[in-house]
């Protein structure tokens, strides 16, 4: 080998090198051509595609959710408000160690296990480089604490937004309702494009009914962003259209007064303007705190509410079906007058009971000893059951049903709030449909005193009372008075929907019935005289009702109410309107298991009307426009 | 055999250049390349003058180093190459034992005042040592000598691969292999080796670290992980593709400026360049690189002994390989390997080493002796 090396052929080596260089040069040429071809493929052949991808990268359309309209009462008192809220958001892709960051964050702003859980759930459903909330509703203090330490938390940011707040809280919970997180189910029946970027949708009450007015239309802005999704520059802006501000017919002060008046009872109060059908107050008790639902109620609290035997979520004012009891007697009396079944002045003998021919069964009066001879007016104010039993036998169920239906019993009022019950105004047809049984005469007797199959909601009773007060004229009950679009200050009135007028053969018949109702309160023997009629400085017409929850056995004396377990006690009802000459307010009160209608429900109705009067000392003509 | 008029004061530009051992064509091309690099960096870094200034200073130091290296007679490199190689292997061993860990790999030696990657030395030392080895052997080499040279490649490559830095290991091996190729490795052997390599590929795969495998997989299907490893490639392809024929213009490349493109000033700087200058800019840059490589190969062909030829040839090809691997990676032609774009990517060590290799080329070219004809 050494000998071999000694005779290096330099010329041959040089030739070898030149050949090698030429070969490698060719390979290099091919490689360069490959690079050029590749880049040309990307830059020329696929240019349009990558151009689009580049634009997508650069521009991001951000949806700007609209500001939800506020809800006011008739006087401009805020019932549903928007409050600024701060939430803490994390862009997970910008955080190196998520768990460690959350642990450190917890030292600055409290992060509970539930927050982490919710965060992880949402994170898995959120596209990359988008912020995911870890905490909602930070206090000012927490915001300040985080701001001081924000340098230590890249990828964590405070975001400002609005959240809903209900200043009246429990007092108007069922009426105003609440908003909550948008579910897939919600999106099934709304225009989804309006809800991009929104967190809330109306779930109950007015918030639900007027969702499309309140919500508004989202805007958008096109921004240039970096890979972190951070907006650098705004390229285009379409402002969102805020939702309309709504004005309800409700009077917040009256609502509060009615809520107070009900005390600790379970029950409902509905007060409305009989002239317009506008609801002045609608209370259902027990109630709940609507703010709890806004940012997602916790499972425990929700179970607590749904498991409560007093059913706080249930809107008794519209959904509660109660036997109306004697509160419907004025309507039944009108039926008697109109069908010439009985003249107003005819006296009827009222012992403590009647029996039907061929039957041993006694249909008792609430007063065991009876009322003696009573005419129609007396029968109303003393609430004689026997008088009406005898009337019912003459009228028959068909007439009872016809007149009950005329006053809205048995069908929903069509109020502009969700989930209303229709109640039952029984008839032959109804019974055949519901029970597949013929009508029995005894059932007519139960019906005429608002018992048996018959049920009505407090709202229906308020409507019935309004129709009496206005002598057959009226408008559909409603809570929406009008609205203002955010752009212009013009108040738009909600269209009034007149009810089919009740035209009596003889308009004097109204007076008979109304006189009877006035005497309920003011005649010395009126059922509510003692409870409602004291120290009155205005005129009031009313009717009590005490409806049985449990049937009493034959011959059994009505027991002292204190002895009866509460859930078997009678419901106490009272309907009223005032002032009689020019009615401004009609009220229906139901106190579940309250006992006597006059003694328990009556004073509540009186307090509601008193509260109304305190606010409107003149009792002048109604204004439905906000100030 | 007299040396050129080195002792006399230079009177013309060409005399002056030779006196200072400068190859003008190479110098101008390198300066052009560096200037392009500074412009691209200014854009890629989001118009950071500090970063550009840093790079300019490094480039200046690199050019100065190159000119200093050029003053050294090529024989010194031949004599020094085995020592440099031995030192390199020793340092690589040291890295394995005491090296700093950065980003999950041990690549650095910390001397207190500076941190240093011994594998960078090997990029120079391996081809030089092999060239020196073959210098006094008759060429083409026997298989036995090829085996010795192959071992000289394998040892540092294995040490670097163990850090682990597969990319650099392959580059060092490639640089050494070029020297063997130029020495005259028989075509038959090359063919057999190529087949063997193809057969060994699966073996290599199973010895790769998971992140290395992931890189290969991501390369094969970038869409599989658009926010993770594939994100780099997807975004750089968007940057290049959206550039079009003429580019978006300097400082107008949205991909890089809006931070969609990661490592836009280091390994992925080519994407910024392609986005802003378009296909024409890319072709111009490739032409510049090709000119530098061609000049290197020309110097090799003109050189006067075996060591110089092999050294100059393999160093030039190594430079080309950097260019090819980097652009190929950024354009989505090959897996992501941490190879900077020569003279343009932000970073110190690699640029200084590269410029030093061009210093060697200049030295070789300017120290030629006039041969009697």
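All but one of (1) touching a strand residue (DSSP E or B) at 6+ places or on another chain (Cβ under 7 Å); (2) free of Cβ contacts under 8 Å to residues at least 40 places away in the same chain hold for residue A:465; state the number of the condition that does not hold.
The one condition residue A:465 does not meet is (2).
Quick check: is even one residue across the stretch B:346-365 within 14 Å of chain A (Cβ to nearest Cβ) and either more than 14 Å from the chain's Cα centre (by Cα) or not in a helix (DSSP H, G or I) (or both)?
yes
When you scan the stretch A:416-427, do you find a residue that is crowded, with 24+ Cβ neighbours inside 10 Å and more than 30 Å from residue A:255 (Cβ to Cβ), even just one?
yes
Of everything in the stretch A:470-515, what is free of Cβ contacts under 8 Å to residues at least 40 places away in the same chain, outside any helix (DSSP H, G or I) and over 19 Å from residue A:278 (Cα atoms)? Give them in sequence order.
Matches in the stretch A:470-515: A:488, A:489, A:490, A:503, A:507.
Kindly list the number of the only condition in (1) buried (at least 17 other Cβ atoms within 10 Å of the Cβ); (2) within 30 Å of residue A:289 (Cβ to Cβ); (3) in contact with a strand residue (DSSP E or B) (Cβ under 6 Å, 6 or more places away or on another chain) that fails for residue A:223.
With (1) buried (at least 17 other Cβ atoms within 10 Å of the Cβ); (2) within 30 Å of residue A:289 (Cβ to Cβ); (3) in contact with a strand residue (DSSP E or B) (Cβ under 6 Å, 6 or more places away or on another chain) applied to residue A:223, the lone miss is (2).
Return yes when residue B:38 is touching a helix residue (DSSP H, G or I) at 6+ places or on another chain (Cβ under 7 Å), on the phi < 0 side of the Ramachandran plot, without any contact (Cβ under 8 Å) to a residue 40 or more places away in the chain and surrounded by 15 or more Cβ atoms within 10 Å (Cβ to Cβ) and no when it is not.
yes
Do we find a residue being closer than 30 Å to residue B:336 by Cβ and either over 16 Å from the mean Cα position of the chain (by Cα) or surrounded by fewer than 24 Cβ atoms within 10 Å (Cβ to Cβ) (or both) anywhere in the stretch B:122-135?
Looking for residues that are closer than 30 Å to residue B:336 by Cβ and either over 16 Å from the mean Cα position of the chain (by Cα) or surrounded by fewer than 24 Cβ atoms within 10 Å (Cβ to Cβ) (or both), one finds at least one in the stretch B:122-135, hence yes.
Find the residue count for the stretch A:413-430, including only residues that are assigned to a helix (DSSP H, G or I) and on the phi > 0 side of the Ramachandran plot.
0
If residue B:95 meets every condition in (1) at pLDDT below 85; (2) within 20 Å of residue B:347 (Cα to Cα); (3) surrounded by 19 or more Cβ atoms within 10 Å (Cβ to Cβ) apart from one, which number is that one?
(2)
Of the residues B:180, B:233, B:153, B:160, only one is in a helix (DSSP H, G or I), modelled with pLDDT under 85 and touching a helix residue (DSSP H, G or I) at 6+ places or on another chain (Cβ under 9 Å); which?
B:233
Within the stretch B:1-19, work out how many residues are part of a loop (DSSP other than H, G, I, E, B), modelled with pLDDT of 50 or more and surrounded by 10 or more Cβ atoms within 10 Å (Cβ to Cβ).
2
Check the stretch B:258-272 and report whether any residue there is facing chain A (nearest Cβ under 10 Å), in a helix (DSSP H, G or I), out of contact with any strand residue (DSSP E or B) (no Cβ under 9 Å at 6 or more places or on another chain) and modelled with pLDDT under 90.
no
Quick check on my filter: what residues within the stretch B:179-208 are within 14 Å of another protein chain (Cβ to nearest Cβ), more than 25 Å from the chain's Cα centre (by Cα) and surrounded by 11 or more Cβ atoms within 10 Å (Cβ to Cβ)?
B:186, B:189
Output the number of residues of the stretch A:13-24 satisfying the condition of being surrounded by fewer than 16 Cβ atoms within 10 Å (Cβ to Cβ) and within 7 Å of another protein chain (Cβ to nearest Cβ).
1
Wholly within the stretch A:108-205, which strands (runs of 3 or more DSSP E) include no fewer than the required count, namely at least 2 residues that are within 30 Å of residue A:282 (Cα to Cα) and modelled with pLDDT of 80 or more?
A:156-165, A:178-181, A:200-204
Looking at B:309, B:368, which one is part of a loop (DSSP other than H, G, I, E, B), touching a helix residue (DSSP H, G or I) at 6+ places or on another chain (Cβ under 8 Å) and closer than 22 Å to residue B:17 by Cα?
From the options B:309, B:368, the qualifying one is B:368.
The values are calculated or read from the model by the stated rules, or taken from the named source; none is laboratory data. Keep in mind the model is a prediction, meaning the values are calculated, not measured. Don't worry about glycine lacking a Cβ; one is built from the backbone with ideal geometry, like all the others, and counts go over all protein chains shown.
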